Amino acid sequence: MTQYLSADQILGADDLTYEDVEVPEWGGTVRVRELPGTERDKFESQFVGKDGASIRAEGLEGFRSRLAAAAIVDADGKVLFRSVAETKRLGEKSAAALTRVCDVAVRLSRLSDEDVKELTGN
């Protein structure tokens, strides 16, 4: 007989993954997390038009900085970049460093190539 999980078991599961990423451009290591479901929805909604179907005109603009800001956390799993201003400043950092972080965030959050293309309009 199959044993099904209870709501408490599901909600109590420690199911988010993290990975430490060496970023030589920044002189150290950052912790990158898998985006929780609501955070992934929030991230994706930044790139979708108000009609819910079209891609915003700016397309890829801000993709790396927004994803990195959503995914970089401290040792306790708390997001480091909380404000729009911090996210914009993060976007001014090395594209190589941001890409390194984003590649891990995409993999951990299981964003497919199709998901990224849909979000960026490319």
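A short reminder: the numbers here are calculations on the coordinates, not readings from a lab. In this text, all values refer to a predicted model and were calculated from it rather than measured experimentally. With ideal geometry, Cβ positions are generated from the backbone for all residues, glycine too; neighbour counts draw on all protein chains shown.
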Quote to one decimal, in nm, the extra length available between Thr38 and Met1 on full extension: 0.36 nm per residue of separation minus the C-alpha distance between them. 10.0 nm
When ranked by the protection proxy of mean other Cβ atoms within 10 Å per residue, highest first, what sequence do the peptides 10-21, 81-92 form? 81-92, 10-21
What is the list of residues in the range 95-111 whose amide nitrogen lies under 13 Å from a point 7 angstrom out from the Cα of Trp26, following Cα to Cβ? 95-105
Hey, rough spin-label estimate for Asp103 and Ala13, points 7 angstrom out along Cα→Cβ, what's it come to in nanometres? 2.9
